[in-house]
Amino acid sequence: MDYDLRRHLEAISSRFPRITPWILGEDGRTPVKTDLAGFIEWVEKVGGISIQVGLDDIGDKTVSTVFFDGFSMAGDPNRSPKLFETLICDADGEVHVERRYSTWEEAEQGHAEILSELRPEPATPRGSLP
């Protein structure tokens, strides 16, 4: 990153100390706080501001779970951030936020639970007709 850009971002960070973005750490799964320069470097490295945890189609619905928005919860240093989110998109383009999570593991589990809830139950045989 350009030295002048880094200095500018550090000046913004010092002027607005409650703006503390989140990124995924070296393991690619653990959220960690960073500064603006670290956030920009991470975005460049991973190619965007969100990372896909899960993406599945069930019938006419799409279930997407992502690590998103590195600035979420930036203003509340005492709150555990919910930086992962599962959305359900239906055939009409309606988007519904279903759940938010604090960890990658919670996000994987929540994604799987929503898939289970959306999958049709297998038919129960009623037995033979007399």
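The values are calculated or read from the model by the stated rules, or taken from the named source; none is laboratory data. Worth saying up front: this structure is predicted, and the values here are computed from it rather than measured. When we count neighbours, we look across all protein chains shown, and the Cβ atoms used for this are built from the backbone with ideal geometry, even at glycine.
The conditions are (1) at pLDDT 90 or above; (2) surrounded by 15 or more Cβ atoms within 10 Å (Cβ to Cβ); (3) part of a loop (DSSP other than H, G, I, E, B), and Thr62 fails exactly one of them. Which is it?
The one condition Thr62 does not meet is (3).
Could you give me the residue pairs with C-beta distances under 6 Å whose first residue belongs to segment 85-107 and is within 15 Å of Asp57 (Cα to Cα), whose second residue is among the charged types (D, E, K, R) and in a strand (DSSP E or B) wherever it lies, and which are 6+ apart or on separate chains?
As it stands, the answer is Thr86/Glu98; Thr86/Arg99; Ile88/Lys61; Ile88/Glu98; Asp90/Lys61, since those pairs meet every condition given.
In the set Glu121, Glu108, Glu98, Glu85, which member is modelled with pLDDT of 80 or more and either in a helix (DSSP H, G or I) or loosely packed, with under 11 Cβ neighbours inside 10 Å (or both)? Working first, answer last.
Values: Glu121 fails: modelled with pLDDT of 80 or more; Glu98 fails: either in a helix (DSSP H, G or I) or loosely packed, with under 11 Cβ neighbours inside 10 Å (or both); Glu85 fails: either in a helix (DSSP H, G or I) or loosely packed, with under 11 Cβ neighbours inside 10 Å (or both).
Checking each option against the conditions leaves just Glu108.
I'm checking my understanding of the structure. Among residues of segment 29-52 that are of a type in the set (D, E, K, R) and not in a helix (DSSP H, G or I), which one is modelled with the lowest pLDDT? First the steps, then the outcome.
Step one: of segment 29-52, the residues of a type in the set (D, E, K, R) are 29, 33, 35, 41, 44-45.
Restricting the remaining residues to those that are not in a helix (DSSP H, G or I) gives 29, 33, 35.
Working: Arg29: 94, Lys33: 86, Asp35: 81.
That would be Asp35.
Determine whether segment 21-28 contains at least one residue that is crowded, with 16+ Cβ neighbours inside 10 Å, under 30 Å from Pro120 (Cα atoms) and at pLDDT 90 or above.
First pass over segment 21-28, keeping only residues crowded, with 16+ Cβ neighbours inside 10 Å: 21-24.
When the remaining residues are screened for being under 30 Å from Pro120 (Cα atoms), the result is none.
No: segment 21-28 contains no residue that is crowded, with 16+ Cβ neighbours inside 10 Å, under 30 Å from Pro120 (Cα atoms) and at pLDDT 90 or above.
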